[in-house]
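As structure tokens, the structure follows; a few thoughts come after it.
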Amino acid sequence: MSKKIVAIVDRIDTSQVFTELSDAQSGGICVFVGTVREFTQGEEVVSLEFETYQKMALKEMDKIALDAAKKWNLNIVIIRHAVGLKKVEEPVVVVGASSAHRDACFEACRYLIDTLKETVPIWKKEMFENKTVWVSAHP
Amino acid sequence: MDVLLFGIAKDIVGNSEIQITSKEKIPNSVQELKDYLIRKFPDFGKLSSFAVAVNSEYAQDDVPLNRNDEIAIIPPVSGG
């Protein structure tokens, strides 16, 4: 891995990710963008609010990027998550990888987002018309 | 001992931090801290699960706690 970008930001600019992952040694770039969906189990979401334990989140994101680079031959890895209030359709997370051939970056991209959702200390609160819910908090 | 709180843990306690003073029995391990929280704030027992981080790393139940450690409660994460 020649470059790694791991960040927590207020706002995600999806237009910068191609340039960040672009690399002379790479023949493939794969990117996943997670966005705010309007309906959760039939209920209309007004907005989402994300908060994080930033110091630990960055450490965990760093581990995920390094693990991915051990599993696949990657040139650049990016993991960027937004915090704060997000409206429907706004991007909240971007993960991506570039590699010589497409298999590595496709597989790595899935690993990056799946592992982030399991281990990185970021919490999402769903705001509905008349209630708020911390996602996954209760069985 | 100061314990940082995030997400629903903050709502349960009503604060972003708990201070456990020597008037109470200070938890010596992650397990003792979890037991303390569930005893004092029964809503912790209703969560799907919760983890404890010591110095910003996930810590198993048998990890000892020291006064200068940075300790945080990590309720079920839901990023992405």
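Answer with yes or no whether B:Ser56 is among the hydroxyl-bearing types (Ser, Thr, Tyr) and either closer than 15 Å to A:Ala137 by Cβ or more than 9 Å from chain A (Cβ to nearest Cβ) (or both). So B:Ser56 fails the test.
Restricting the first member to the range B:48-69 and to residues that are without any contact (Cβ under 8 Å) to a residue 12 or more places away in the chain, and the second to residues that are assigned to a strand (DSSP E or B) and among the aliphatic types (A, V, I, L, M), the beta-carbon pairs closer than 9 Å and six or more apart or on different chains are B:Asn66/B:Val54. If you scan the range B:1-28, which residues turn out to be more than 14 Å from chain A (Cβ to nearest Cβ), part of a loop (DSSP other than H, G, I, E, B) and either among the polar types (S, T, N, Q) or open to solvent by less than 30 Å² (accessible area, probe 1.4 Å) (or both)? Matches in the range B:1-28: B:Met1, B:Asn15, B:Ile20, B:Thr21, B:Ser22, B:Pro27, B:Asn28.
The residue pairs whose first member lies in the range B:1-17 and is farther than 17 Å from B:Val30 by Cα, whose second member is open to solvent by 40 Å² or more (accessible area, probe 1.4 Å) and assigned to a helix (DSSP H, G or I), and whose beta carbons are closer than 6 Å, counting only pairs six or more residues apart or on different chains, are B:Ile12/B:Asp43; B:Ser16/B:Lys10. Considered as a group, the residues in the range B:29-58 that are among the aromatic types (Phe, Trp, Tyr) and assigned to a loop (DSSP other than H, G, I, E, B) include one that is nearest to A:Val120 (Cα to Cα), and that residue is B:Phe50. Checking the structure you have, find out if any residue of the range A:37-48 is open to solvent by less than 60 Å² (accessible area, probe 1.4 Å) and under 13 Å from the mean Cα position of the chain (by Cα). No, the range A:37-48 contains no residue that is open to solvent by less than 60 Å² (accessible area, probe 1.4 Å) and under 13 Å from the mean Cα position of the chain (by Cα).
Can you find a residue that is farther than 21 Å from A:Leu21 by Cβ, part of a helix (DSSP H, G or I) and within 11 Å of another protein chain (Cβ to nearest Cβ) anywhere in the range A:119-137? Taking every residue of the range A:119-137 in turn, at least one turns out to be farther than 21 Å from A:Leu21 by Cβ, part of a helix (DSSP H, G or I) and within 11 Å of another protein chain (Cβ to nearest Cβ). Return yes or no: is A:Glu89 in a strand (DSSP E or B), more than 11 Å from every other protein chain (Cβ to nearest Cβ) and either farther than 16 Å from A:Met1 by Cα or open to solvent by 20 Å² or more (accessible area, probe 1.4 Å) (or both)? In short, no. The residues of the range A:64-76 that are in contact (Cβ under 8 Å) with a residue 12 or more places away in the chain and more than 14 Å from A:Ala100 (Cβ to Cβ), listed by number, are A:Ile64, A:Ala65, A:Leu66, A:Asp67, A:Ala68, A:Lys71.
Kindly indicate the residue of the range A:33-72 that is of a type in the set (A, V, I, L, M, F, W, C) and not in a helix (DSSP H, G or I) and also nearest to A:Lys86 (Cα to Cα) among those meeting that condition.
The residue in question is A:Leu48.
For first residues located in the range B:23-34 and without any contact (Cβ under 8 Å) to a residue 24 or more places away in the chain, partners that are surrounded by 16 or more Cβ atoms within 10 Å (Cβ to Cβ) and lie 6+ apart or on another chain with Cβ distances below 9 Å form the pairs B:Glu24/B:Tyr36; B:Lys25/B:Tyr36.
Of the residues that sit in the range A:49-75 and are among the aliphatic types (A, V, I, L, M) and more than 14 Å from every other protein chain (Cβ to nearest Cβ), which one is most open to solvent (accessible area, probe 1.4 Å)?
The selected residue is A:Leu66.
So, of the residues in the range A:100-118 that are over 27 Å from B:Ala53 (Cα atoms) and surrounded by 18 or more Cβ atoms within 10 Å (Cβ to Cβ), which turns out to be farthest from the other protein chains (Cβ to nearest Cβ)? Within the range A:100-118, the match that is farthest from the other protein chains (Cβ to nearest Cβ) is A:Ala104.
The values are calculated or read from the model by the stated rules, or taken from the named source; none is laboratory data. No experiment lies behind these values; they were computed from the predicted model shown. Don't worry about glycine lacking a Cβ; one is built from the backbone with ideal geometry, like all the others, and counts go over all protein chains shown. Quick note on the areas: whole protein, heavy atoms, side chains included, nothing else; ligands and nucleic acids left out. Shrake-Rupley method; radii C 1.70, N 1.55, O 1.52, S 1.80 Å.
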